Amino acid sequence: MAREQLVVLNALDVAKTQWYHFTAIVIAGMGFFTDAYDLFCISLVTKLLGRIYYTKPGAPKPGTLPPNVAAAVNGVALCGTLAGQLFFGWLGDKMGRKKVYGITLVLMVVCSLASGLSFGSSANGVMTTLCFFRFWLGFGIGGDYPLSATIMSEYANKKTRGAFIAAVFAMQGFGILAGGIVALIVSAAFDHAFKTPTYHENPAASLAPQADYIWRIILMFGAIPAGLTFYWRMKMPETARYTALVAKNAKQAASDMSKVLNVEIEVEEEKVQRMAQEPANSFGLFSKEFAKRHGLHLLGTTSTWFLLDIAFYSQNLFQKDIFSAINWIPPAATMNAIHEVFQIAKAQTLIALCSTVPGYWFTVALIDHLGRFFIQMMGFFFMTVFMFAIAIPYHHWTLKPNRIGFVVMYSLTFFFANFGPNATTFVVPAEIFPARLRSTCHGISAAAGKAGAIIGAFGFLYAAQNTDPKKTDAGYPPGIGVKWSLIVLGVINFIGMLFTLLVPESRGKSLEELSGENADENDGEKQAASPRTAPV
(Lines give C-alpha, C1' and ligand atoms only; values in the text may rest on other atoms or scores of the structure.)
Protein backbone atom coordinates (compact mmCIF):
# COMPACT_ATOMS: atom_id res chain seq x y z
CA MET A 1 0.00 0.00 0.00
CA ALA A 2 1.03 3.56 -0.60
CA ARG A 3 1.87 5.42 2.56
CA GLU A 4 0.39 8.77 3.45
CA GLN A 5 1.84 11.57 1.31
CA LEU A 6 3.59 14.56 2.88
CA VAL A 7 1.14 17.45 3.24
CA VAL A 8 3.42 19.86 1.34
CA LEU A 9 3.75 17.46 -1.61
CA ASN A 10 0.07 16.62 -1.63
CA ALA A 11 -0.71 20.36 -1.72
CA LEU A 12 1.38 20.64 -4.89
CA ASP A 13 -0.23 17.53 -6.43
CA VAL A 14 -3.79 18.77 -6.02
CA ALA A 15 -3.18 22.51 -6.50
CA LYS A 16 -5.30 24.22 -9.13
CA THR A 17 -3.44 25.78 -12.04
CA GLN A 18 -2.16 29.11 -10.74
CA TRP A 19 -0.01 32.02 -11.80
CA TYR A 20 3.16 30.43 -10.38
CA HIS A 21 2.73 27.50 -12.79
CA PHE A 22 2.84 29.85 -15.77
CA THR A 23 5.73 31.81 -14.25
CA ALA A 24 7.72 28.58 -13.90
CA ILE A 25 6.91 27.61 -17.49
CA VAL A 26 8.15 30.96 -18.81
CA ILE A 27 11.31 30.98 -16.65
CA ALA A 28 12.27 27.40 -17.52
CA GLY A 29 10.94 27.71 -21.07
CA MET A 30 13.09 30.71 -21.95
CA GLY A 31 16.10 28.56 -21.20
CA PHE A 32 14.87 26.02 -23.72
CA PHE A 33 14.08 28.78 -26.21
CA THR A 34 17.74 29.79 -25.95
CA ASP A 35 18.93 26.16 -26.07
CA ALA A 36 17.18 25.50 -29.38
CA TYR A 37 18.20 28.84 -30.85
CA ASP A 38 21.87 28.26 -30.00
CA LEU A 39 21.98 24.62 -31.12
CA PHE A 40 20.20 25.04 -34.46
CA CYS A 41 21.25 28.54 -35.59
CA ILE A 42 24.65 27.15 -36.58
CA SER A 43 23.08 25.27 -39.52
CA LEU A 44 21.89 28.64 -40.88
CA VAL A 45 25.42 30.01 -41.19
CA THR A 46 27.65 27.05 -42.09
CA LYS A 47 27.32 27.76 -45.82
CA LEU A 48 28.30 31.39 -45.18
CA LEU A 49 31.31 30.33 -43.09
CA GLY A 50 32.44 28.15 -45.99
CA ARG A 51 32.17 31.06 -48.42
CA ILE A 52 34.00 33.51 -46.17
CA TYR A 53 36.89 31.34 -45.03
CA TYR A 54 37.30 28.57 -47.62
CA THR A 55 36.55 30.02 -51.08
CA LYS A 56 39.48 29.49 -53.48
CA PRO A 57 40.10 32.16 -56.14
CA GLY A 58 38.93 31.04 -59.56
CA ALA A 59 36.96 28.04 -58.25
CA PRO A 60 33.75 27.24 -60.22
CA LYS A 61 31.69 27.06 -57.00
CA PRO A 62 31.80 28.99 -53.69
CA GLY A 63 33.84 27.53 -50.86
CA THR A 64 32.39 25.11 -48.32
CA LEU A 65 33.61 23.98 -44.92
CA PRO A 66 36.02 21.01 -45.19
CA PRO A 67 34.47 17.77 -43.84
CA ASN A 68 36.43 17.76 -40.57
CA VAL A 69 35.66 21.45 -39.93
CA ALA A 70 31.96 21.04 -40.83
CA ALA A 71 31.67 18.04 -38.49
CA ALA A 72 33.35 19.98 -35.68
CA VAL A 73 31.31 23.17 -36.12
CA ASN A 74 28.02 21.24 -36.35
CA GLY A 75 28.74 18.71 -33.63
CA VAL A 76 30.95 20.31 -30.99
CA ALA A 77 28.04 22.00 -29.18
CA LEU A 78 26.29 18.61 -29.02
CA CYS A 79 29.40 17.10 -27.39
CA GLY A 80 29.36 19.91 -24.83
CA THR A 81 25.64 19.38 -24.26
CA LEU A 82 26.17 15.68 -23.54
CA ALA A 83 28.87 16.45 -20.97
CA GLY A 84 26.75 19.21 -19.41
CA GLN A 85 23.71 16.94 -19.09
CA LEU A 86 25.67 14.35 -17.14
CA PHE A 87 27.55 16.85 -14.96
CA PHE A 88 24.74 19.28 -14.12
CA GLY A 89 22.21 16.44 -13.81
CA TRP A 90 24.37 14.91 -11.08
CA LEU A 91 25.09 18.33 -9.53
CA GLY A 92 21.36 19.20 -9.45
CA ASP A 93 20.76 16.24 -7.13
CA LYS A 94 23.78 17.05 -4.96
CA MET A 95 23.49 20.84 -4.57
CA GLY A 96 19.85 21.49 -5.39
CA ARG A 97 18.06 22.53 -8.56
CA LYS A 98 18.04 26.28 -7.90
CA LYS A 99 21.74 26.70 -7.03
CA VAL A 100 22.87 25.04 -10.24
CA TYR A 101 20.19 26.67 -12.41
CA GLY A 102 21.85 30.09 -12.41
CA ILE A 103 25.28 28.68 -13.29
CA THR A 104 24.00 27.12 -16.52
CA LEU A 105 22.35 30.37 -17.58
CA VAL A 106 25.47 32.49 -17.02
CA LEU A 107 27.48 29.98 -19.05
CA MET A 108 24.99 30.20 -21.92
CA VAL A 109 25.01 34.02 -21.97
CA VAL A 110 28.81 34.36 -21.85
CA CYS A 111 29.49 31.66 -24.46
CA SER A 112 26.80 32.92 -26.87
CA LEU A 113 28.53 36.29 -26.91
CA ALA A 114 31.99 34.72 -27.12
CA SER A 115 30.95 32.52 -30.08
CA GLY A 116 30.10 35.62 -32.08
CA LEU A 117 33.41 37.23 -31.13
CA SER A 118 35.48 34.26 -32.34
CA PHE A 119 38.85 35.50 -33.53
CA GLY A 120 41.95 34.27 -35.32
CA SER A 121 44.48 35.27 -37.95
CA SER A 122 43.53 32.33 -40.20
CA ALA A 123 40.43 30.37 -41.15
CA ASN A 124 41.46 27.47 -38.89
CA GLY A 125 42.07 29.91 -36.04
CA VAL A 126 38.55 31.36 -36.29
CA MET A 127 36.96 27.90 -36.55
CA THR A 128 38.98 26.58 -33.59
CA THR A 129 37.95 29.52 -31.41
CA LEU A 130 34.33 29.14 -32.52
CA CYS A 131 34.35 25.43 -31.67
CA PHE A 132 35.92 26.10 -28.25
CA PHE A 133 33.20 28.54 -27.23
CA ARG A 134 30.41 26.43 -28.74
CA PHE A 135 31.55 23.44 -26.69
CA TRP A 136 31.15 25.43 -23.46
CA LEU A 137 27.91 26.91 -24.75
CA GLY A 138 26.68 23.34 -25.20
CA PHE A 139 27.93 22.48 -21.71
CA GLY A 140 25.63 25.16 -20.25
CA ILE A 141 22.75 24.12 -22.50
CA GLY A 142 23.20 20.53 -21.32
CA GLY A 143 22.59 21.54 -17.72
CA ASP A 144 19.32 23.18 -18.69
CA TYR A 145 17.75 19.86 -19.75
CA PRO A 146 17.66 17.93 -16.44
CA LEU A 147 17.24 21.04 -14.28
CA SER A 148 14.34 22.59 -16.21
CA ALA A 149 12.51 19.28 -16.54
CA THR A 150 12.99 18.39 -12.88
CA ILE A 151 12.00 21.82 -11.56
CA MET A 152 8.84 21.88 -13.66
CA SER A 153 7.83 18.33 -12.74
CA GLU A 154 8.35 19.05 -9.02
CA TYR A 155 6.34 22.28 -9.15
CA ALA A 156 3.42 20.92 -11.19
CA ASN A 157 0.20 19.28 -10.05
CA LYS A 158 -0.36 15.70 -11.10
CA LYS A 159 -3.40 16.45 -13.28
CA THR A 160 -1.62 18.75 -15.75
CA ARG A 161 2.04 17.91 -15.04
CA GLY A 162 2.63 16.47 -18.51
CA ALA A 163 1.34 19.60 -20.22
CA PHE A 164 3.49 21.87 -18.04
CA ILE A 165 6.72 19.93 -18.67
CA ALA A 166 5.89 19.63 -22.38
CA ALA A 167 5.19 23.39 -22.53
CA VAL A 168 8.72 24.08 -21.24
CA PHE A 169 10.13 21.80 -23.92
CA ALA A 170 7.82 23.29 -26.57
CA MET A 171 9.69 26.57 -26.25
CA GLN A 172 12.35 24.81 -28.32
CA GLY A 173 10.05 25.19 -31.31
CA PHE A 174 9.92 28.95 -30.84
CA GLY A 175 13.71 28.98 -30.42
CA ILE A 176 14.19 27.22 -33.78
CA LEU A 177 11.65 29.59 -35.36
CA ALA A 178 13.38 32.62 -33.82
CA GLY A 179 16.71 31.48 -35.27
CA GLY A 180 15.22 31.48 -38.74
CA ILE A 181 13.51 34.86 -38.25
CA VAL A 182 16.66 36.54 -36.88
CA ALA A 183 18.67 35.16 -39.81
CA LEU A 184 16.02 36.40 -42.26
CA ILE A 185 16.03 39.92 -40.79
CA VAL A 186 19.81 40.22 -40.54
CA SER A 187 20.52 38.79 -44.00
CA ALA A 188 17.75 40.86 -45.64
CA ALA A 189 19.11 44.05 -44.05
CA PHE A 190 22.67 43.32 -45.19
CA ASP A 191 21.52 42.21 -48.64
CA HIS A 192 19.66 45.49 -49.04
CA ALA A 193 22.55 47.60 -47.74
CA PHE A 194 25.34 45.89 -49.69
CA LYS A 195 24.23 45.04 -53.22
CA THR A 196 26.54 42.33 -54.59
CA PRO A 197 26.43 40.18 -57.75
CA THR A 198 25.99 36.40 -57.78
CA TYR A 199 29.02 34.10 -57.66
CA HIS A 200 28.52 33.27 -61.35
CA GLU A 201 28.62 36.93 -62.30
CA ASN A 202 31.60 37.97 -60.18
CA PRO A 203 33.06 35.45 -57.68
CA ALA A 204 35.20 37.99 -55.83
CA ALA A 205 32.49 40.65 -55.53
CA SER A 206 29.74 38.16 -54.51
CA LEU A 207 31.12 38.08 -50.98
CA ALA A 208 30.72 41.48 -49.32
CA PRO A 209 33.35 42.06 -46.58
CA GLN A 210 30.47 42.96 -44.22
CA ALA A 211 29.08 39.40 -44.54
CA ASP A 212 31.44 38.39 -41.74
CA TYR A 213 29.22 40.32 -39.32
CA ILE A 214 26.11 38.31 -40.23
CA TRP A 215 27.03 34.99 -38.65
CA ARG A 216 28.42 36.75 -35.60
CA ILE A 217 25.20 38.72 -35.00
CA ILE A 218 23.05 35.61 -35.45
CA LEU A 219 25.10 33.60 -32.93
CA MET A 220 25.33 36.42 -30.37
CA PHE A 221 21.59 37.07 -30.36
CA GLY A 222 21.14 33.90 -28.29
CA ALA A 223 22.52 35.71 -25.24
CA ILE A 224 19.54 38.09 -25.07
CA PRO A 225 16.65 35.77 -24.04
CA ALA A 226 18.87 33.89 -21.59
CA GLY A 227 20.06 37.10 -19.95
CA LEU A 228 16.52 38.44 -19.58
CA THR A 229 15.44 35.51 -17.37
CA PHE A 230 18.44 35.39 -15.01
CA TYR A 231 16.83 37.59 -12.32
CA TRP A 232 13.65 35.51 -12.23
CA ARG A 233 15.56 32.24 -12.04
CA MET A 234 17.37 33.47 -8.98
CA LYS A 235 14.08 34.44 -7.29
CA MET A 236 12.52 30.98 -7.68
CA PRO A 237 12.47 29.02 -4.41
CA GLU A 238 13.98 25.54 -4.34
CA THR A 239 11.46 22.83 -5.13
CA ALA A 240 9.67 21.33 -2.13
CA ARG A 241 10.49 17.80 -3.25
CA TYR A 242 14.22 18.49 -3.17
CA THR A 243 14.04 20.41 0.10
CA ALA A 244 11.87 17.81 1.87
CA LEU A 245 12.95 14.49 0.34
CA VAL A 246 16.62 15.14 -0.46
CA ALA A 247 17.76 17.98 1.84
CA LYS A 248 15.33 16.68 4.52
CA ASN A 249 14.36 20.18 5.61
CA ALA A 250 10.61 19.96 6.23
CA LYS A 251 10.37 23.45 7.71
CA GLN A 252 11.95 25.17 4.68
CA ALA A 253 9.83 23.15 2.24
CA ALA A 254 6.64 24.11 4.04
CA SER A 255 7.70 27.76 4.26
CA ASP A 256 8.63 28.02 0.55
CA MET A 257 5.46 26.35 -0.71
CA SER A 258 3.24 28.31 1.69
CA LYS A 259 4.42 31.46 -0.10
CA VAL A 260 4.03 29.92 -3.56
CA LEU A 261 0.55 28.46 -2.95
CA ASN A 262 -0.68 31.18 -0.57
CA VAL A 263 -1.83 28.63 2.00
CA GLU A 264 -0.62 27.52 5.42
CA ILE A 265 1.21 24.18 5.19
CA GLU A 266 1.92 21.94 8.16
CA VAL A 267 5.58 21.23 9.00
CA GLU A 268 6.10 17.42 9.21
CA GLU A 269 9.64 17.13 10.52
CA GLU A 270 9.23 13.66 12.04
CA LYS A 271 7.58 12.18 8.94
CA VAL A 272 10.33 13.55 6.69
CA GLN A 273 13.07 12.07 8.90
CA ARG A 274 11.22 8.73 9.10
CA MET A 275 10.79 8.53 5.31
CA ALA A 276 14.45 9.36 4.76
CA GLN A 277 15.53 6.35 6.85
CA GLU A 278 13.44 3.81 4.93
CA PRO A 279 15.33 1.45 2.55
CA ALA A 280 13.09 2.49 -0.38
CA ASN A 281 14.37 6.06 -0.03
CA SER A 282 18.08 5.43 0.41
CA PHE A 283 19.37 3.16 -2.39
CA GLY A 284 21.87 4.64 -4.85
CA LEU A 285 22.05 4.79 -8.62
CA PHE A 286 24.46 1.86 -8.95
CA SER A 287 22.71 -0.41 -6.45
CA LYS A 288 20.91 -3.69 -7.11
CA GLU A 289 17.75 -2.12 -5.68
CA PHE A 290 17.81 0.65 -8.31
CA ALA A 291 18.39 -1.91 -11.06
CA LYS A 292 15.42 -3.95 -9.78
CA ARG A 293 13.06 -1.01 -9.41
CA HIS A 294 14.13 1.32 -12.23
CA GLY A 295 16.64 -0.51 -14.41
CA LEU A 296 14.17 -1.20 -17.23
CA HIS A 297 12.77 2.32 -16.92
CA LEU A 298 16.24 3.85 -17.38
CA LEU A 299 16.93 1.53 -20.33
CA GLY A 300 13.62 2.63 -21.88
CA THR A 301 14.21 6.37 -21.43
CA THR A 302 17.85 6.28 -22.62
CA SER A 303 17.30 4.02 -25.66
CA THR A 304 14.24 5.84 -26.99
CA TRP A 305 15.86 9.27 -26.60
CA PHE A 306 19.05 7.95 -28.26
CA LEU A 307 17.17 6.58 -31.27
CA LEU A 308 14.91 9.63 -31.59
CA ASP A 309 17.81 12.07 -31.63
CA ILE A 310 19.71 10.19 -34.33
CA ALA A 311 16.75 10.81 -36.63
CA PHE A 312 15.78 14.26 -35.35
CA TYR A 313 19.18 15.94 -35.38
CA SER A 314 20.33 14.45 -38.66
CA GLN A 315 17.17 15.79 -40.29
CA ASN A 316 17.70 19.27 -38.87
CA LEU A 317 21.37 19.43 -39.72
CA PHE A 318 21.16 18.25 -43.32
CA GLN A 319 17.73 19.58 -44.24
CA LYS A 320 19.42 22.49 -46.04
CA ASP A 321 21.13 19.88 -48.27
CA ILE A 322 17.80 18.17 -48.94
CA PHE A 323 16.28 21.51 -49.92
CA SER A 324 19.19 22.06 -52.29
CA ALA A 325 18.70 18.59 -53.81
CA ILE A 326 15.09 19.38 -54.70
CA ASN A 327 16.09 22.90 -55.83
CA TRP A 328 14.02 24.58 -53.11
CA ILE A 329 17.23 26.44 -52.40
CA PRO A 330 18.94 27.54 -55.66
CA PRO A 331 22.52 26.38 -56.43
CA ALA A 332 25.06 28.34 -54.40
CA ALA A 333 26.77 29.79 -57.47
CA THR A 334 23.53 31.50 -58.58
CA MET A 335 23.41 33.61 -55.39
CA ASN A 336 25.64 35.99 -53.52
CA ALA A 337 26.80 34.96 -50.02
CA ILE A 338 24.25 37.04 -48.11
CA HIS A 339 21.27 35.97 -50.20
CA GLU A 340 22.18 32.31 -49.64
CA VAL A 341 21.78 32.83 -45.88
CA PHE A 342 18.35 34.37 -46.56
CA GLN A 343 17.22 31.41 -48.68
CA ILE A 344 18.37 28.80 -46.15
CA ALA A 345 16.70 30.74 -43.30
CA LYS A 346 13.46 31.04 -45.29
CA ALA A 347 13.29 27.29 -45.89
CA GLN A 348 14.01 26.38 -42.27
CA THR A 349 11.60 29.01 -40.95
CA LEU A 350 8.78 27.62 -43.07
CA ILE A 351 9.43 24.09 -41.80
CA ALA A 352 9.50 25.32 -38.19
CA LEU A 353 6.33 27.37 -38.62
CA CYS A 354 4.32 24.69 -40.42
CA SER A 355 5.40 21.53 -38.59
CA THR A 356 7.87 21.91 -35.72
CA VAL A 357 5.99 24.47 -33.59
CA PRO A 358 2.48 22.97 -34.12
CA GLY A 359 3.81 19.49 -33.27
CA TYR A 360 5.12 20.62 -29.88
CA TRP A 361 1.84 22.30 -28.92
CA PHE A 362 -0.28 19.33 -30.00
CA THR A 363 1.69 17.40 -27.40
CA VAL A 364 1.08 20.07 -24.76
CA ALA A 365 -2.65 20.03 -25.46
CA LEU A 366 -3.11 16.23 -25.51
CA ILE A 367 -0.40 14.61 -23.36
CA ASP A 368 -2.53 14.50 -20.20
CA HIS A 369 -5.49 13.12 -22.16
CA LEU A 370 -3.84 10.55 -24.45
CA GLY A 371 -0.91 9.68 -22.18
CA ARG A 372 2.84 9.66 -22.74
CA PHE A 373 3.04 6.07 -23.99
CA PHE A 374 0.41 6.50 -26.70
CA ILE A 375 1.89 9.76 -28.04
CA GLN A 376 5.41 8.36 -28.12
CA MET A 377 4.38 5.15 -29.87
CA MET A 378 2.22 7.06 -32.35
CA GLY A 379 5.02 9.54 -33.09
CA PHE A 380 7.61 6.85 -33.79
CA PHE A 381 5.07 4.99 -35.98
CA PHE A 382 4.26 7.96 -38.20
CA MET A 383 7.92 9.06 -38.37
CA THR A 384 8.68 5.57 -39.69
CA VAL A 385 5.84 5.68 -42.20
CA PHE A 386 6.65 9.13 -43.59
CA MET A 387 10.40 8.50 -43.68
CA PHE A 388 9.86 5.39 -45.82
CA ALA A 389 7.27 7.23 -47.91
CA ILE A 390 9.90 9.86 -48.73
CA ALA A 391 12.87 7.52 -49.08
CA ILE A 392 11.59 4.63 -51.21
CA PRO A 393 10.29 6.78 -54.12
CA TYR A 394 12.96 9.44 -53.47
CA HIS A 395 13.61 10.15 -57.17
CA HIS A 396 9.89 10.86 -57.61
CA TRP A 397 10.04 13.60 -54.96
CA THR A 398 13.05 15.29 -56.57
CA LEU A 399 11.16 15.93 -59.82
CA LYS A 400 10.01 19.53 -60.15
CA PRO A 401 6.20 18.88 -60.15
CA ASN A 402 6.48 16.92 -56.89
CA ARG A 403 8.68 19.22 -54.82
CA ILE A 404 5.86 20.76 -52.80
CA GLY A 405 4.62 17.25 -51.97
CA PHE A 406 8.12 16.37 -50.80
CA VAL A 407 8.24 19.37 -48.45
CA VAL A 408 4.80 18.42 -47.05
CA MET A 409 5.92 14.83 -46.37
CA TYR A 410 9.20 16.00 -44.87
CA SER A 411 7.31 18.47 -42.66
CA LEU A 412 5.05 15.68 -41.41
CA THR A 413 8.05 13.72 -40.13
CA PHE A 414 8.98 16.79 -38.06
CA PHE A 415 5.40 17.24 -36.91
CA PHE A 416 5.18 13.68 -35.58
CA ALA A 417 8.64 13.89 -34.04
CA ASN A 418 7.41 16.80 -31.94
CA PHE A 419 3.86 15.49 -31.49
CA GLY A 420 5.59 12.34 -30.36
CA PRO A 421 8.90 11.15 -28.92
CA ASN A 422 10.85 14.41 -29.10
CA ALA A 423 8.54 15.78 -26.37
CA THR A 424 7.71 12.60 -24.42
CA THR A 425 11.35 11.48 -24.07
CA PHE A 426 11.92 14.78 -22.25
CA VAL A 427 8.81 14.52 -20.05
CA VAL A 428 8.92 10.95 -18.73
CA PRO A 429 12.43 10.86 -17.16
CA ALA A 430 11.44 13.88 -15.04
CA GLU A 431 8.54 11.91 -13.53
CA ILE A 432 9.43 8.28 -12.88
CA PHE A 433 12.67 8.35 -10.84
CA PRO A 434 13.16 9.14 -7.11
CA ALA A 435 13.72 12.80 -6.15
CA ARG A 436 17.30 12.20 -5.00
CA LEU A 437 18.16 10.66 -8.42
CA ARG A 438 15.65 12.47 -10.66
CA SER A 439 17.97 15.10 -12.10
CA THR A 440 20.79 12.57 -12.52
CA CYS A 441 18.60 10.04 -14.35
CA HIS A 442 17.11 12.73 -16.57
CA GLY A 443 20.65 13.90 -17.35
CA ILE A 444 21.69 10.32 -18.26
CA SER A 445 18.64 9.90 -20.49
CA ALA A 446 19.24 13.27 -22.17
CA ALA A 447 22.95 12.49 -22.63
CA ALA A 448 22.01 9.25 -24.39
CA GLY A 449 19.87 11.41 -26.67
CA LYS A 450 22.80 13.72 -27.40
CA ALA A 451 24.98 10.68 -28.17
CA GLY A 452 22.37 9.88 -30.81
CA ALA A 453 22.41 13.50 -31.96
CA ILE A 454 26.19 13.36 -32.38
CA ILE A 455 25.85 10.23 -34.51
CA GLY A 456 23.21 12.02 -36.55
CA ALA A 457 25.23 15.22 -36.86
CA PHE A 458 28.59 13.63 -37.66
CA GLY A 459 27.54 10.42 -39.37
CA PHE A 460 24.90 11.77 -41.71
CA LEU A 461 27.09 14.62 -42.97
CA TYR A 462 29.04 11.79 -44.60
CA ALA A 463 26.27 9.24 -45.17
CA ALA A 464 24.04 11.64 -47.12
CA GLN A 465 26.76 12.34 -49.70
CA ASN A 466 26.09 11.21 -53.27
CA THR A 467 27.31 7.75 -54.26
CA ASP A 468 28.97 9.31 -57.31
CA PRO A 469 32.41 10.72 -56.28
CA LYS A 470 31.99 13.55 -58.81
CA LYS A 471 28.78 14.78 -57.14
CA THR A 472 29.87 14.85 -53.50
CA ASP A 473 30.50 18.09 -51.62
CA ALA A 474 34.11 19.28 -51.72
CA GLY A 475 36.35 17.12 -49.56
CA TYR A 476 33.77 14.44 -48.75
CA PRO A 477 34.08 10.78 -49.75
CA PRO A 478 31.08 9.16 -51.47
CA GLY A 479 28.26 8.21 -49.11
CA ILE A 480 25.12 6.12 -49.38
CA GLY A 481 23.09 9.06 -50.65
CA VAL A 482 20.08 10.89 -49.22
CA LYS A 483 17.65 8.10 -50.19
CA TRP A 484 19.43 5.34 -48.27
CA SER A 485 20.18 7.70 -45.38
CA LEU A 486 16.44 8.29 -45.01
CA ILE A 487 15.74 4.54 -45.18
CA VAL A 488 18.23 3.97 -42.34
CA LEU A 489 16.49 6.69 -40.31
CA GLY A 490 13.15 4.97 -40.95
CA VAL A 491 14.51 1.71 -39.53
CA ILE A 492 15.86 3.58 -36.49
CA ASN A 493 12.39 5.05 -35.86
CA PHE A 494 10.85 1.57 -36.02
CA ILE A 495 13.33 0.28 -33.41
CA GLY A 496 12.28 3.26 -31.27
CA MET A 497 8.74 1.87 -31.24
CA LEU A 498 10.03 -1.41 -29.79
CA PHE A 499 11.99 0.25 -26.97
CA THR A 500 8.98 2.43 -26.13
CA LEU A 501 7.45 -0.75 -24.63
CA LEU A 502 9.89 -0.34 -21.72
CA VAL A 503 8.70 3.18 -20.88
CA PRO A 504 6.06 3.41 -18.10
CA GLU A 505 2.88 5.46 -18.38
CA SER A 506 3.04 8.28 -15.82
CA ARG A 507 -0.22 10.11 -16.53
CA GLY A 508 -2.35 11.07 -13.52
CA LYS A 509 -0.04 9.80 -10.77
CA SER A 510 2.00 11.69 -8.20
CA LEU A 511 5.79 11.63 -8.56
CA GLU A 512 6.07 9.64 -5.33
CA GLU A 513 3.66 6.97 -6.60
CA LEU A 514 5.71 6.62 -9.78
CA SER A 515 9.09 6.51 -8.03
CA GLY A 516 7.93 4.35 -5.10
CA GLU A 517 9.04 6.91 -2.51
CA ASN A 518 5.83 6.64 -0.51
CA ALA A 519 5.22 2.92 -1.08
CA ASP A 520 6.00 -0.08 1.10
CA GLU A 521 8.42 -2.81 0.02
CA ASN A 522 5.74 -4.94 -1.69
CA ASP A 523 4.63 -1.97 -3.78
CA GLY A 524 8.22 -1.43 -4.84
CA GLU A 525 8.54 -5.04 -6.02
CA LYS A 526 5.28 -4.80 -7.96
CA GLN A 527 6.40 -1.56 -9.57
CA ALA A 528 9.71 -3.08 -10.65
CA ALA A 529 7.92 -6.07 -12.16
CA SER A 530 5.65 -3.92 -14.33
CA PRO A 531 7.52 -1.41 -16.50
CA ARG A 532 4.38 0.07 -18.03
CA THR A 533 1.24 0.71 -15.98
CA ALA A 534 -1.66 2.91 -16.94
CA PRO A 535 -3.51 4.96 -14.35
CA VAL A 536 -6.90 3.80 -13.17
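Here are the numbers:
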quantity: Of all accessible heavy-atom area on region 1-122, the percent that carbon and sulfur account for (1.4 Å); calculated: 71 percent
quantity: For region 445-453, 3J(HN,Hα) per residue [Karplus equation, 6.51 cos²θ - 1.76 cosθ + 1.60, θ = phi - 60°, Hz, x = Gly/Pro]; calculated: 4, 5, 5, 4, x, 5, 4, x, 5
quantity: Peptides 255-266, 394-405 ordered by average Cβ neighbours within 10 Å, highest first; calculated: 255-266, 394-405
quantity: Overall form of region 199-292 per C-alpha gyration tensor (a/c, 1.5; a/b vs b/c); calculated: oblate
quantity: Charge context of LEU219, other residues only, Cβ under 10 angstrom, K/R +1, D/E -1; calculated: +1
quantity: When each of LYS158/LYS450; LYS16/LYS159; LYS47/LYS346; LYS99/LYS235; LYS98/LYS509 is checked by Cα-Cα distance, pairs over 18 Å; calculated: LYS158/LYS450; LYS98/LYS509
quantity: Karplus (6.51, -1.76, 1.60) ³J(HN,Hα), θ = phi - 60°, over region 384-397, in Hz, Gly and Pro reported as x; calculated: 4, 4, 6, 5, 5, 5, 7, 6, 5, x, 4, 4, 4, 6
quantity: Hz values of 3J(HN,Hα) by residue in region 117-128 - Karplus curve (6.51, -1.76, 1.60), Gly and Pro given as x; calculated: 9, 3, 10, x, 8, 9, 4, 5, x, 5, 5, 5
quantity: Residues whose placed amide H lies under 5 Å from that of CYS41, excluding near-sequence neighbours; calculated: none
quantity: Lys, Arg +1 and Asp, Glu -1 on Cβ, resulting dipole of the chain about Cα centre, debye, nearest 20; calculated: 980 debye
quantity: Per-peptide average of other Cβ atoms within 10 Å, ordering 276-286, 435-445, 173-183, 15-25 highest first; calculated: 435-445, 173-183, 15-25, 276-286
quantity: Computed helical MRE - 222 nm, the chain, DSSP H runs ≥ 4 contributing -39500 (n - 2.57), nearest 500; calculated: -23000 deg cm²/dmol
quantity: Per residue value of the accessible surface for region 398-453 (all protein chains in place, 1.4 Å probe), Å²; calculated: 20 Å²
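The values are calculated or read from the model by the stated rules, or taken from the named source; none is laboratory data. Only a predicted model underlies this, so the values are computations on that prediction, with no experimental measurement involved. Using ideal geometry, Cβ is built from the backbone for each residue, glycine included, and neighbour counts are taken over all protein chains shown. Heads up: the accessible areas ignore ligands, DNA and RNA and are worked out on the full protein's heavy atoms, side chains in. Shrake-Rupley method; radii C 1.70, N 1.55, O 1.52, S 1.80 Å.
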